[in-house]
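The block underneath contains the structure these notes are about, expressed in structure tokens.
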Amino acid sequence: MKKDWKVLSVGGSIIIPKDGFNTEFLKNFRKMIVDRIENGERFIIVIGGGATCRNYQQAAKSVVDLSNQDLDWIGIHTTIYNAQFVRFLFKDIAYSEVVTDPTQKVDTDKSLIIAAGWKPGCSTDKDAVLFAQTYNAKEVFNLSNIDFVYDKDPNQFDDAKKITDIKWNEFQKIVGEEWDPGLSAPFDPIASKLASEMKLKVSILCGTNLLTVANALSGTQFMGTVIHA
């Protein structure tokens, strides 16, 4: 019997780190997802742009003046390319196309859907929230390159404190209300607003720690931050 869909928002830098591909990680990530699918689980994996996206945006901005919408479209196309790469890793296990519209349910008997960015004005985090809404998922798992959400940027402040459990209204104060193309935040502020309205649970965890990811997906204790209503 097929289980409920689980939505993963996977940062592009998890798939394609700044220092190049980690094929061993990709093999292990693939195996984890395939094993769970064989156990009846279903996944929607939304792939972000990561550092690759920001590199394109910075290069373009250094050559010509671009609007925020232009920069968002660069980001969206980067997520699509990244997602196509991931879809090829899963081959015939996944739905045959990269899905970009999170508001339209795909008619498929596959248990894996690979998705990418949709419209300007937000990151793929919001698309993940919209997929959760469309597919009646109660939780989004955000796989990033951080272990926890902090009360302020730990790269700038030595006294930054990690947070393991936080409500949406407090989290919004940390990430703010505005979207900026290429923004690197634990969870996109626009996505956060929508997730708060939906009373959605979002788990933030380090995507390269596959034991942590497996624990979170299994509903057991994991190292990370839970954001909830």
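The values are calculated or read from the model by the stated rules, or taken from the named source; none is laboratory data. Not measured: the values here are computed from a predicted model. In this analysis, Cβ positions are derived from the backbone assuming ideal geometry, glycine residues included, and neighbour counts consider all displayed protein chains. Accessible surface areas use protein heavy atoms only, side chains included; no ligands, DNA or RNA. Shrake-Rupley method; radii C 1.70, N 1.55, O 1.52, S 1.80 Å.
List of remarks:
- Condition met for residue 173 (at pLDDT 90 or above, of a type in the set (D, E, K, R) and within 26 Å of residue 102 (Cβ to Cβ)): no
- Remark: pairs (first residue in the stretch 114-138, under 26 Å from residue 34 (Cβ atoms); second residue open to solvent by less than 20 Å² (accessible area, probe 1.4 Å) and among the acidic types (Asp, Glu); Cβ separation under 9 Å; 6+ apart in sequence or on different chains) = 115/127; 116/127; 117/72; 117/127; 124/188; 125/188; 129/188.
- Taken over the stretch 122-153, the criterion of being in a loop (DSSP other than H, G, I, E, B), of a type outside the set (D, E, K, R) and either in contact with a Phe, Trp or Tyr (Cβ under 6 Å, 6 or more places away or on another chain) or open to solvent by 60 Å² or more (accessible area, probe 1.4 Å) (or both) is satisfied by 122, 135, 136, 137, 145.
- Test for residue 12: is it closer than 30 Å to residue 214 by Cβ, open to solvent by less than 40 Å² (accessible area, probe 1.4 Å) and in contact with a Gly (Cβ under 8 Å, 6 or more places away or on another chain): yes
- Residue match in the stretch 164-180 (condition: more than 18 Å from the chain's Cα centre (by Cα) and among the aliphatic types (A, V, I, L, M)): yes
- Verdict on residue 52 being in contact (Cβ under 8 Å) with a residue 12 or more places away in the chain, open to solvent by less than 30 Å² (accessible area, probe 1.4 Å) and hydroxyl-bearing (Ser, Thr, Tyr): no
- Residues of the stretch 172-198 satisfying the condition of being within 21 Å of residue 13 (Cβ to Cβ), assigned to a helix (DSSP H, G or I), hydrophobic (A, V, I, L, M, F, W, C) and in contact with a helix residue (DSSP H, G or I) (Cβ under 6 Å, 6 or more places away or on another chain): 175, 190, 191
- Residue within the stretch 197-217 that is free of Cβ contacts under 8 Å to residues at least 24 places away in the same chain, basic (Lys, Arg) and open to solvent by 30 Å² or more (accessible area, probe 1.4 Å) present: no
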